[in-house]
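For reference, the structure discussed in these notes is given below.
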Amino acid sequence: MTQSDVRTEVPELPLADGFAQEPKRRGRGPLAGLGVDRFSGLYLMLLLIVVYSLLKPDTFFTVNNFRIILASQAITGILTLGLMISLICGIFDLSVAANMSFSILFVGWLQSAHGVNWVLAVILTVLVGALIGVINAVVVTKMHVDAVIGTLGVSSVLAAATYWLTNGQSVTTGIDQQFTDLGNAKWLTVPAPAYMFAIVAVVLWYLLNHTPTGRYLYAVGSNATASRLAGLKVLRLQWFGLIVSAVLASFAGVVFTAQLGTSSFDAGAPFLLPAFSAAFLGATQIRPGRFNVVGTVISIYLLAVGIKGLELLYPGRPWLNDLFEGLVLIVAVGLAARSARRRAKNA
């Protein structure tokens with residue numbers, strides 16, 4: 001699916017009243033009442049939990065395992081929700097993983113090499129993330145470089161900057177203990193990163209569903225030309241989407257470093273495919289054909305449960321993760337396009 005496909009596949013929002021209206025739902029048989037088309041990911045996740053619990057009751061169906069799944073997806077979740085905002089605007093941001101890699105090393109490098117207070121280091125890292133978002137926005141909206149090519153180019157520049165920063169070495173010492181304590185803190189036995197992910201999700205859910213800005217973002221992603229004619233500040237909204245995407249990618253890098261206590265070189269790269277898989281799979285849930293927060297959160301944990309179960313069933317086969325995520329991405333994009341066509345037909 002190309003960038004232009006996404007822009008047209010997402011159903012057009014009527015701008016006469018400024019906001020989108022949900023089409024009336026029509027019954028499609030005895031399963032329609034169960035909302036299978038909207039909650040299929042949730043049902044599938046519950047099914048996987050039951051199957052894996054029966055097959056691996058001693059290792060999968062444990063409180064500790066569910067706690068690990070909850071915590072391990074916090075960083076992927078923050079990155080994915082940021083990516084989702086740029087996708088809602090109709091823009092692919094392929095630089096999120098490189099941005100995260102750079103932030104992981106930058107926040108550690110500031111503390112280790114320059115003795116910067118960890119609070120200030122976090123603030124500076126997030127600000128640099130915002131600057132990367134501005135650069136993406138300039139490349140895409142001012143220089144009119146295709147978003148896929150433009151953000152891929154920025155990604156390559158960030159990879160070079162990441163290498164230059166520490167000469168390709170990981171930062172393993174000099175990171176403030178208070179910083180790592182925060183990343184490994186637990187409140188009510190739930191790891192702190194899970195709370196951070198929840199806060200980001202709630203804020204974005206409110207922004208997208210209960211503010212004019214959220215509805216305008218959907219309108220721009222649906223039809224930028226019609227939105228411009230309707231008086232929306234399309235350029236400003238696209239800048240907003242790219243900056244939010246970059247800031248959350250940077251924040252995900254900060255949380256990752258705090259959790260590990262080290263700044264691993266190029267640690268953000270493995271997160272790119274899961275983020276896109278979860279975002280597109282999320283567009284098939286809750287509000288099919290449209291990127292949304294709740295659907296994305298469900299998809300993130302569906303992927304996590306699926307991969308964790310496979311790891312326990314077939315240990316020592318790390319390639320299963322990539323295989324599973326790649327297949328999910330292909331299926332999710334196909335389902336998202338199908339849902340968008342159905343919504344456009346029924347609208």
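The values are calculated or read from the model by the stated rules, or taken from the named source; none is laboratory data. Being a predicted model, the structure only gives us computed values, none of them experimental. Because the Cβ atoms are built from the backbone with ideal geometry, glycine has one as well, and the counts that use them run over all protein chains shown. Surface areas here come from the heavy atoms of the whole protein model, side chains and all, with no ligands, DNA or RNA. Shrake-Rupley method; radii C 1.70, N 1.55, O 1.52, S 1.80 Å.
Numbers at a glance
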item: Pairs of lysines in the chain (C-alpha under 27 Å apart; 8 or more residues apart or interchain); result: 5
item: Under the Karplus curve 6.51 cos²θ - 1.76 cosθ + 1.60, θ = phi - 60°, whole-Hz ³J(HN,Hα) for region 92-97, x wherever Gly or Pro sits; result: 7, 10, 7, 8, 4, 5
item: Accessible area in square angstrom per residue, the chain, 1.4 angstrom probe; result: 46
item: Extension gain (nm, one decimal) between I123 and N184, 0.36 nm per residue minus Cα-Cα; result: 20.0 nm
item: MRE, 222 nm, helices only [DSSP H, n ≥ 4, -39500 (n - 2.57), over the chain, to nearest 500]; result: -23500 deg cm²/dmol
item: At R0 = 45 Å, FRET efficiency that the Cβ-Cβ distance of T225 and I68 yields, to 0.05; result: 0.45
item: Heavy-atom accessible surface of the chain: percent carbon and sulfur, 1.4 Å; result: 67
item: Net length gained if the chain between V50 and R317 were fully extended (0.36 nm per residue, minus Cα distance); result: 93.9 nm
item: Pair L327, F61: separation of 7 Å Cα→Cβ label points (nm); result: 2.4
item: Listed values [x] 57, 50, 37; [y] 83, 60, 30; [z] 58, 55, 34, entry calculated as Cα extents along the principal axes in Å; result: [z]
item: Over region 85-228: Kirkwood hydrodynamic radius from C-alpha pairwise inverse distances, Å; result: 17.4
